[in-house]
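Values in this text are rule-based calculations from the coordinates and carry no lab data. On a predicted model such as this, the values are computed, not experimentally measured, just so you know. Neighbour counts are summed over all protein chains in view; Cβ atoms, including those assigned to glycine, are modelled from backbone coordinates with ideal geometry.
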Amino acid sequence: MKIPLSEISQYKNPYLSTLSFEKFIQNNIFNSQKIIDLGCGSGGQLSWFSKKYPQVNFVGVDYNKRLIKFAKKTYSKLKIINTKFCFANILNKKINPFLLNADGFISNHVFCTFKDIKYPLNFIFKHKPKWIAINSLFYDGPLDVLIHIRSYKKNKKILKDSNPDGDFNIFSIPILKSIIKNKYKIVKIEQHFPKNKIKKNSSKRSSYTIVTEINKNTVFSGPVHLPWYFILLKKINS
């Protein structure tokens, strides 16, 4: 499996959504000593946080051992010393001692790859962070929408149907509230729209924006509307 160029490119040019997400939670980062990036991939997005906040200890977590190996090697070359990486399967019910005593968990574009939002949430709950920041797809109504994209090249499927990278699942905000009840509470929520127009690239599976009643820069991927939200949760009684 090749490392996606979209991930590697973020080492030098982080997505605008990554920069916006960082601003959304910067006060929490400033007041934290240890932060876990759940689903860090090859470490491209996390590198922006690691460089900007050298006083914070970051831990990148992913289920893909090849991506973790790539991240470790790249961070070593870049001499980023405040970040470590570890393998962990979110579907595993066991507590990972390496992820305990963290102030916060961040998750960028990861929740939407699960069929049920309870899986990543329950994994995080076991490790009891003070706060959780999520950048994913949500709908403010009593509906989950499960979407799987089949991407083709020369009439052949690029991704297997079992590959979670093809998922763009949208989860209900009211259901999220019911799951976190008595554990965490939403203290900040914001629907994210790009500041600038993103042109459609017909040769690639990528996001683009169009003008709609929702926003002048409403995000789509292929035929699918992507309602990105930033959500900050705080542990009750923390």
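Taking 0.36 nm per residue of separation and subtracting the Cα-Cα distance, what length does fully extending Lys69 through Tyr119 add? Using 0.36 nm per residue and subtracting the Cα-Cα distance, I get 15.6 nm.
Scanning residues 5 or more positions from Tyr184 or on other chains, those with amide H under 5 Å from its amide H are Ile236, with H placed 1.01 Å from N in the peptide plane. Once you reduce the stretch 68-91 and the stretch 188-223 to the center of their Cα atoms, the two points are 30 Å from each other. Comparing Ile147, Ile35, Ile117 in a Gaussian network model of the chain where C-alpha atoms under 10 Å apart are linked, the largest mean-square fluctuation is found at Ile147. Legend: distances between Cα atoms for Lys52/Lys199; Lys51/Lys79; Lys93/Lys160; Lys126/Lys235; Lys23/Lys73; Lys195/Lys216; pairs beyond 19 Å are Lys52/Lys199; Lys93/Lys160; Lys23/Lys73. Please say if the stretch 2-123 is rounded, prolate or oblate, where rounded means a/c under 1.5 for a ≥ b ≥ c the square roots of the C-alpha gyration tensor eigenvalues, and otherwise the choice is prolate for a/b larger than b/c and oblate otherwise? Rounded, since a/c falls under 1.5. When the Cα gyration tensor is reduced to axis lengths a ≥ b ≥ c, the ratio a/c is 1.5 or higher for the stretch 72-203, and with a/b not above b/c it is classed as oblate. In plain terms, the chain from Val224 to Lys195 could stretch by 8.5 nm, reckoned as 0.36 nm per residue minus the Cα-Cα distance. Extending 7 Å from the Cα toward the beta-carbon at both Ser151 and Phe30 defines two label points whose distance is 3.8 nm. Within the straight-line cut-off of under 20 Å between alpha carbons, the aspartates and glutamates reachable from Lys34 are Glu22, Asp62, Asp103, sequence neighbours fewer than 8 places apart in one chain being disregarded. For Gln55 and Asn89, the FRET efficiency from 1/(1 + (r/R0)^6), where r spans their Cβ atoms and R0 equals 30 Å, is about 0.50.
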